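Scroll down for the structure; my scribbles are underneath it.
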Amino acid sequence: MLLLIDTSQETGLVALIAEGRIAAMEENKIAREHASWLHAALGRILLQTGKTLRDLQAVAVIAGPGSYTGLRVAMAAAKGFCYALKIPLITLNSLRVMAESMKSEALEENALICPMIDARRSEVFTALYQLPTANPPSSRLSRDSGGQSRQSSTANRQPPTANGLTELLPPQALILDKNSFETTLSQNRILFFGSGAAKWKEISDSPRAIFKTQSDIIQAFATLAQLDFDSGKWADPVYSEPVYLKEFFSY
């Protein structure tokens with residue numbers, strides 16, 4: 001049984017999964033209460049399932065990007081459980097999990113996948129992914145983000161191709177302007193979603209920009225966590241740290 005922890009955004013999540021299937025879960029929609037809620041919520045879902053901490057095989061945590069405080073809360077808790085129980089730690093990128101949750105919508109639209117997390121003012125955390133069936137993207141993608149971007153470090157990066165998605169633009173902090181994604185949108189449809197997509201919708205006038213509501217990420221989180229656990233893709237608790245992508249972001 002795997003424990004999933006995500007307090008990277010407004011809604012916090014704690015869940016137990018077995019073979020990729022959700023056994024129990026609890027959400028918290030008050031971001032400022034994530035720290036006090038997390039351990040109590042875990043106690044409740046363990047009681048609900050009749051399990052104990054000793055039944056956990058690994059802990060999977062959303063490492064970021066997202067809320068500075070939320071990322072620290074989740075990572076500290078995950079590391080603590082892994083050290084105490086001597087079990088593996090799995091870290092996942094929030095944008096990658098978001099993209100996984102919207103694969104079916106992107107397939108219907110024959111579109112690239114662009115999750116966006118609000119990073120305050122005109123800035124978002126974003127990345128760009130392609131389904132295997134999507135049309136080949138522009139060769140100028142790497143220079144097409146527009147605005148001012150802060151490239152992610154190699155730490156906690158996802159591989160270029162993972163579970164059917166190809167990473168076209170790595171996770172980064174991007175200051176949006178009217179030229180963002182201009183070249184890519186001239187040749188591709190792009191599905192935008194997430195807490196940061198609304199500010200881009202106000203700027204973009206491209207008919208190829210598609211905006212949809214973010215799907216629930218729990219099943220995508222469970223699927224990717226189980227895949228990493230089964231393949232032995234575990235993180236080192238000593239060196240793992242939140243993926244901030246910028247100096248500070250907190251709710």
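No lab work stands behind these numbers, since they all come straight from the coordinates. Quick caveat: nothing in here was measured; it's all calculated off a predicted structure. Every residue, glycine among them, receives a Cβ derived from its backbone with ideal geometry; neighbour counts consider all protein chains shown.
Close amide H contacts of Ser8 (hydrogens built in the peptide plane, cut-off under 5 Å, sequence separation of 5 or more or a different chain): none are found.
Of all lysines in the structure, the ones whose alpha carbon falls short of 24 Å from that of Lys51, not counting any fewer than 8 places away in one chain, are Lys79, Lys86.
With θ taken as phi - 60° and the Karplus curve 6.51 cos²θ - 1.76 cosθ + 1.60 applied, the whole-hertz 3J(HN,Hα) list for the stretch 123-132 is 10, 9, 8, 8, 7, 9, 10, 10, 6, x Hz, x standing for glycine and proline.
Near the amide H of Ala60, within less than 5 Å, lie the amide hydrogens of Leu3, Leu4, Ile5, Ile90, all on another chain or at least 5 residues away, with H placed in the peptide plane.
Once the convex hull of all Cα atoms in the stretch 1-66 is built, its volume per residue stands at 79 Å³. Could you name the lysines in cross-link range of Lys212, using Cα to Cα under 27 Å and dropping any fewer than eight places away on the same chain? Those lysines meeting the cut-off are Lys29, Lys103, Lys178, Lys199, Lys201, Lys246.
Would you order His39, His34 from fewest to most other beta-carbon atoms within 10 Å of each residue's own beta-carbon?
Placing the least packed residue first, the sequence is His39, His34.
For the Cα atoms of the chain, what angle does the longest principal axis make with the long axis of helix 34-49, in degrees from 0 to 90, nearest 10? On a 0 to 90 degree scale, this one is about 60. Within the chain, antiparallel bridges make up roughly 65 percent of the DSSP beta bridges whose residues both belong there. Phi angles across the stretch 70-86 convert, under the Karplus curve 6.51 cos²θ - 1.76 cosθ + 1.60 with θ = phi - 60°, into 3J(HN,Hα) values of x, 5, 5, 4, 5, 5, 4, 5, 4, 4, x, 5, 5, 5, 5, 9, 6 Hz, Gly and Pro given as x.
Sorted ascending by nearby beta carbons within 10 Å, beginning with the fewest, Ser186, Ser204, Ser8, Ser94 become Ser186, Ser204, Ser94, Ser8. Ellipticity at 222 nm from helices only: DSSP H runs of n ≥ 4 in the chain, each -39500 (n - 2.57), divided by the residue count, give -9000 deg cm²/dmol. Phi-derived couplings, Karplus 6.51 cos²θ - 1.76 cosθ + 1.60 at θ = phi - 60°, listed residue by residue for the stretch 222-238: 4, 4, 5, 5, 5, 4, 5, 5, 5, 8, x, 8, 9, 8, 8, x, 5 Hz, with x used for Gly and Pro.
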